[in-house]
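What follows is one structure encoded as C-alpha cells, with my remarks underneath.
The values are calculated or read from the model by the stated rules, or taken from the named source; none is laboratory data. Everything numeric here is computed off the predicted structure, so don't read it as measured data. Neighbour counts run over all protein chains shown; Cβ positions are idealised from the backbone, glycine included. Note: areas computed on protein heavy atoms with side chains; ligands, DNA, RNA excluded. Shrake-Rupley method; radii C 1.70, N 1.55, O 1.52, S 1.80 Å.
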Amino acid sequence: MKQLSKGKIWLFAIGQFGWSLLSGLIGSWLVSFYLPSDEAIASGQPVLIPQGRVILGLLTVIGGITALGRIFDAITDPLVASLSDKCKSPKGRRIPFLKWAALPFAITTLLVFCAPFNPANFAAASLFNSLWVCITVLAYYFFITLYCTPYTALYSEITHTEEERMLASTAISLTFIVGTAIGYLGPVVWGALTPVVGERVTAIRLTFAIFAVIALICMYVPVLAINEKDYVTTQPSQAGMLQSLGKTFSNGSFRVFVGSDVFYWIGLTMFQTGIPYFVTSLLGLPEAFQSMFLVLMTAISLLFYVPINMITAKVGKKNMVVFAFAMFTAVFAFTSFTHGAASEEGLIPTPFGGATAGQLVQGLIMIVCGALPMAIFGILPQAMVADCAEYDSRKTGESRQGMFFAARTFCMKLGQALAMVIFTSLATLGLHTEGGVTVNSGSGYRVAAMTAAALCAIGGIILIFYNEKKVLGKDK
C-alpha cells in the first residue's frame, strides 16, 4: 500500500475546491436571489417567487424549499454512504461515484437559478417558478451527496496517520475556503457583466455558468489523479444501511461531537445566509461590499493556518474548536448590534462605493474576528471525524468511514435545514408597509444574528464533554 505524497494530497484537494464552489453558490446566493432585498430589487432583481410567510403563515416559499432540500439531502446521505461502503467496483469504493456525479452536480447547480418565467407576464408564473426551484434544489442536493459523501470517506481512507490526516485536512480546508471565496465574488462578476448583457438576472446566471464550468473541471481532477486501489486496502462493508448507521451512532464520542456540530451548522448557516442582508440592510453598505468582506475574511483566515496546526499539536483539536465556538458567538452577537450611517455625510470613496468610517470599522471588526474561528472550523472538525472513524475501526474491526462522514453530514444538513427555516422566518419580522410599499426595518436580521450567537454558545458547551484522549488512544 502506497503512502500518499504531498502532491497527490493537493490534487485530491482540488476536488474539494470544485464542489465547495458549487456549494458556495447555493449557500451564499440562493436565498437572496429568490428573496431579494429592497436594494437588490432597486438594482433590477426581479421577484420570481412569492415573498413573505405564505406556507402555513410561518415559512417563506424559499425557506420551505431549502428546508425540504436539506432534509432530503440528510436522508440520502446514509443511503449513498452505504452504497459506497459496499461498492465492489474494480476502481474502488469511492472514485466511481465521483466520476459519475460531477457533471449532473454542476448542471443542476446552475439550473437552480434559472426559474424560467416572469411573473409580470402571467399570474401562474410564480407558482411554476416555485415548482422549478423545488425540483432543481432536490436534484442539486441528490448529486452533491453522490459526490461529497464518497469524497469525504476517501479522505479518511487514503490518510493513515494523524499527521497525514491533519495535512490532508488542511489542504482540503484551504481549497474549500478558496472555492467558497470565489463564489463570494459573484456580485463583482455579475456587476461587471450587467452593463454588457443588459439585465441583472442574465448577468447572475452567466456568472454562475462560468463558475460551474470551473468547478466541473476541478471535480474531475481527483478522479483522474488518484488510483484508489494504490492507497486503500479495506474490504467493502457487508452491513445494511440502518445497521451500519446504528453502529456508527453507538460510538459515544462521535455522538457528542455530532451534537455539538449540529448547533454549529445551524448558527453558521443562519449567519452565512444573512450576510447579504447584514451588509446592505444593517450596515447600509452597497451590495459590492458583500464580496469584499467575505473575500477579505477568507484571505485573513488563511494566515492562521500554520499557527493553528502548530498550536493544535500542543493543546489538541477539542480545545481549539471550543475556543472557535466562543469566538463565533462573540462575532455573531456583535453583528446584531451593527448599524449604518445616520446620514450620507462624511462618505469615504472606495472601489465598492461610498462608506463612512463607522461602517467600515464595524465591517472590519466582524470579518477580522470571524477569520480565526473560520479557519479553525475549516481544518479541525473534518480531522475529528476521521479520528472517530479510525478509533471505531480499531475497536470493532469494521471499516465504515463512509457512514461516519455521512452520519455527520446527515445531522449537519438537518441543522442547516432548520437554520433556513429559522432565518427566513425571522427575516420577515422587520417587514412593514410604508406608503403602500413593503420595506424591511432590519429587526428580524438582528434577531437572527443573535440567535446564531446563542446556538454557537450551546455547541461549544456540548463539545466540552468530547473525550479526545480516548478517541486518540492517549487515555492509558
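So residue 307 passes all but one of these: (1) free of Cβ contacts under 8 Å to residues at least 12 places away in the same chain; (2) surrounded by 18 or more Cβ atoms within 10 Å (Cβ to Cβ). Which condition number does it fail? Residue 307 satisfies all of (1) free of Cβ contacts under 8 Å to residues at least 12 places away in the same chain; (2) surrounded by 18 or more Cβ atoms within 10 Å (Cβ to Cβ) except (2). Kindly establish whether residue 338 is modelled with pLDDT under 90 and farther than 20 Å from residue 277 by Cβ. Taking the combined requirement at face value, the residue does not satisfy it.
Residues that are open to solvent by 40 Å² or more (accessible area, probe 1.4 Å) and of a type in the set (Val, Ile, Thr) are absent from region 376-385 altogether.
Look at residue 321 and say whether it is among the hydrophobic types (A, V, I, L, M, F, W, C) and under 23 Å from residue 467 (Cβ atoms). Considered against the rule, which asks whether it is among the hydrophobic types (A, V, I, L, M, F, W, C) and under 23 Å from residue 467 (Cβ atoms), residue 321 comes out as yes.
If you filter region 93-110 down to residues that are under 19 Å from the mean Cα position of the chain (by Cα) and open to solvent by 40 Å² or more (accessible area, probe 1.4 Å), you find that the one that is nearest to residue 203 (Cα to Cα) is 110. Residue 190 meets all of the listed conditions (1) of a type in the set (A, V, I, L, M, F, W, C); (2) assigned to a helix (DSSP H, G or I); (3) in contact (Cβ under 8 Å) with a residue 24 or more places away in the chain; (4) over 30 Å from residue 313 (Cβ atoms) but one, namely (3).
Mind telling me which of the residues 365, 348 ends up being loosely packed, with under 12 Cβ neighbours inside 10 Å, among the hydrophobic types (A, V, I, L, M, F, W, C) and without any contact (Cβ under 8 Å) to a residue 60 or more places away in the chain?
Numbers: 365 fails: loosely packed, with under 12 Cβ neighbours inside 10 Å.
Criteria check complete, one pass: 348.
Give region 1-57 a look and list any residue that's at pLDDT below 80, β-branched (Val, Ile, Thr) and either open to solvent by less than 40 Å² (accessible area, probe 1.4 Å) or in contact with an Asp or Glu (Cβ under 9 Å, 6 or more places away or on another chain) (or both), or say none. Selection gives 49 alone. Residue 244 meets the conditions (1) surrounded by fewer than 23 Cβ atoms within 10 Å (Cβ to Cβ); (2) among the small types (Gly, Ala, Ser); (3) at pLDDT below 85; (4) in a helix (DSSP H, G or I) in every case but one. The failed one is (1).
Selection within region 179-196: residues that are at pLDDT 85 or above and open to solvent by 30 Å² or more (accessible area, probe 1.4 Å). The member of this set that is farthest from residue 103 (Cα to Cα) is 195.
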